[in-house]
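K.L.:
This structure is in structure tokens; I'll ask about it shortly.
Computed from the coordinates by the stated procedures, all read-outs in this text should not be read as laboratory data. Note that the coordinates shown come from a computational prediction; the quantities given were computed from them, not determined experimentally. Because the Cβ atoms are built from the backbone with ideal geometry, glycine has one as well, and the counts that use them run over all protein chains shown.
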Amino acid sequence: MKKIIDQNGRLFGKISVIDVLFLLVVAAVCAAFYVKFNVLDVTRKTVDTVPVTYKITIYGVRDYTVKSLAVGDLIYDKDYSGEQPVGKITDISVQDAVRAVEKTDGTIVSGPVEGCYDVTLTLSAQAIRSSGRTLVNRTYEVNVNSERVFNTKYATFSATITGVSS
Amino acid sequence: MSAKNEGFRWKLNVFDVIIMVVVLVLAAALILVWRNSGKSNISVMESRPVRYKVEISSMLPDGANAIKPGDLIYDSVKKYALGTVEDVTLEPARRLSKDMETGRTIYAEIPDRLTAVLDVVCDCYETESSISTTSGYTLRVGANVYIAGPGYAGAGYIVAISREEAQP
């Protein structure tokens, strides 16, 4: 009976085991390159972003914050977006601020705040929308009622996300 | 024995060729990486003077009156240089106070305290997303700032940053 590996380390006396292993390694590397540049690329392109608009409201700020904002400014989330903007200001709406105050008779009223404003910014961005979730830049989730710290190039402020629309 | 002592004869096979190609490709890649390792696509940033305003609230009068144009100020927490005072405006200190009779929230003056608004100029680096002093302090309106100058200190906010474009 013929040995599978002969005394010279050849399979069935024809090809070296080392050569077979080398061919397997080369084949694995080629397969990895193919998967990286073909299969994974196709997967990435299947999820497309769409334009979305959402609103954030800054409550009770002074006029200097209002003056520091401008249509066209890019918005960044201080904690989560890094150098990637999470939107661009397309509209700025300013209203006199109000604050809940407990009066001496025990009632709580929403009273005006002198020299302060509530500012609503409308932002545009590219996002994935899936199952009711909105992911700006594919990763930054926008949730109504969430309070976050935002930056522009010129200003920093805390704001609440107050609306999302497509 | 005699066969082993015969002259060396190198027979090139297909696996030798594959190994040589792989080694050559790796060598070429390493050379490319090393040659480009010292280079960068980031251009050297140029600084420009940026004017901004800082409001320091509720200062003792002696401290507020000590602020003078020409003072060099710095961040009293991490000692960043913040620039030179160009002008200073003093006004009575105020803070928001609730009127529980009417439900309004109003500004009320604080006795024996002053608010100082400093016009400051500082060389800054500018990127698409931020303006930072050359010492590394990021300027943004609304940011809390702790300032110290010659003989005084205080806490307040940056209340304005000029949007003028860099000079060509």
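K.L.:
List the aspartates and glutamates whose Cα lies under 12 Å from the Cα of residue A:103, skipping any in the same chain that are fewer than 8 positions away.
P.N.:
Cα-Cα hits under 12 Å: B:99, B:101.
K.L.:
State, as an integer percentage, the relative contact order of chain B based on alpha-carbon contacts under 8 Å between residues 6 or more apart.
P.N.:
Details: 287 pairs, mean separation 44.7, N = 168.
Once divided by the residue count of chain B, the mean separation gives 27 percent.
K.L.:
Taking chain B as a Gaussian network, where each spring joins two C-alpha atoms under 10 Å apart, which residue of B:59, B:100, B:45 fluctuates the most?
P.N.:
Among B:59, B:100, B:45, the largest GNM mean-square fluctuation belongs to B:100.
K.L.:
To continue, here is another question. Who wins for biggest fluctuation among A:71, A:101, A:86 in a Gaussian network model of chain A, springs between alpha carbons below 10 Å?
P.N.:
A:101
K.L.:
Taking the Cα centroid of region A:131-152 and of region B:74-117, what is the distance between the two, rounded to the nearest whole Å?
P.N.:
Cα centres, region A:131-152 to region B:74-117: 34 Å.
K.L.:
Label points 7 Å out from Cα along the Cβ direction at residue B:23 and residue B:135: separation in nm?
P.N.:
Each label point is offset 7 Å from its Cα along the Cβ direction, giving 5.8 nm.
K.L.:
If you don't mind, another one. Once fully extended, how much extra length lies between residue A:100 and residue A:149, figured as 0.36 nm per residue of separation less the alpha-carbon to alpha-carbon distance?
P.N.:
Working: separation 49, 0.36 × 49 = 17.64 nm, distance 2.24 nm.
Here the answer is 15.4 nm.
K.L.:
Still on this model: Which of the aspartates and glutamates could be linked to residue B:78 by a straight reach, that is with a Cα gap under 20 Å, when you skip same-chain ones fewer than 8 residues away?
P.N.:
Those aspartates and glutamates meeting the cut-off are B:55, B:123.
K.L.:
Counting partner chain Cβ atoms within 10 Å of every residue's Cβ in B:94-106, what's the average?
P.N.:
Mean shielding by partner chains, rounded to a whole number: 6.
K.L.:
May I ask you to work out the translational diffusion coefficient for the protein assembly as shown at 10 °C, viscosity 1.306 mPa s, via Stokes-Einstein with Rh from the Kirkwood sum over Cα pairs, reported in whole µm²/s? Could the numbers behind the result be given before it?
P.N.:
Values: Rh = 26.2 Å.
For the chosen part, D equals 61 µm²/s.
K.L.:
Going through the cross-link list B:53/B:79; A:55/A:88; A:55/B:98; A:78/A:153; A:153/B:53, which pairs have a Cα-Cα distance over 22 Å in this structure?
P.N.:
On the way: B:53/B:79 19 Å; A:55/A:88 11 Å; A:55/B:98 29 Å; A:78/A:153 11 Å; A:153/B:53 16 Å.
Among B:53/B:79; A:55/A:88; A:55/B:98; A:78/A:153; A:153/B:53, the Cα-Cα distance tops 22 Å for A:55/B:98.
K.L.:
Follow-up. How many Cβ atoms of partner chains, on average, are near each residue of B:82-88 if near means within 10 Å of its Cβ?
P.N.:
Taking all residues of B:82-88 together, the mean is 0.
K.L.:
Could you tell me the calculated FRET efficiency between residue A:124 and residue B:66, based on Cβ-Cβ distance and R0 = 56 angstrom, to the nearest 0.05? Numbers along the way, then the final one.
P.N.:
Working: r = 48 Å, r/R0 = 0.85.
Step by step, r from the Cβ atoms, then E = 0.70.
K.L.:
Please give the helix A:17-34 orientation as an angle from the longest Cα principal axis of chain A, in degrees from 0 to 90, rounded to the nearest 10.
P.N.:
30
K.L.:
Quick one: give the max-minus-min coordinate of the C-alpha atoms of region B:48-161 along each principal axis, largest first, in Å.
P.N.:
Sorted largest first, the three principal extents are 50, 33, 23 Å.
K.L.:
Is any residue of region B:80-123 close enough, with backbone N under 14 Å, to a label point placed 7 angstrom from the Cα of residue A:114 along the Cα-Cβ axis, and if so, which?
P.N.:
Once the point is set 7 Å along Cα→Cβ of residue A:114, B:92-111 turn out to lie under 14 Å by backbone N, inside region B:80-123.
K.L.:
Could you give the length gained by full extension between residue A:20 and residue A:90, i.e. 0.36 nm per residue of separation minus their alpha carbon distance, to one decimal place?
P.N.:
Once the chain is fully extended between residue A:20 and residue A:90, it gains 18.9 nm.
K.L.:
Averaged across the residues of B:122-133, what count of C-beta atoms belonging to other chains lies within 10 Å of each residue's C-beta?
P.N.:
2
K.L.:
Across chain A, what fraction of all alpha-carbon pairs, as a whole percent, falls in each successive 5 Å bin from zero upward?
P.N.:
With a bin width of 5 Å, the distribution comes to 2, 7, 12, 13, 11, 8, 7, 6, 5, 4, 4, 4, 4, 4, 3, 2, 2, 1, 1, 1, 0, 0.
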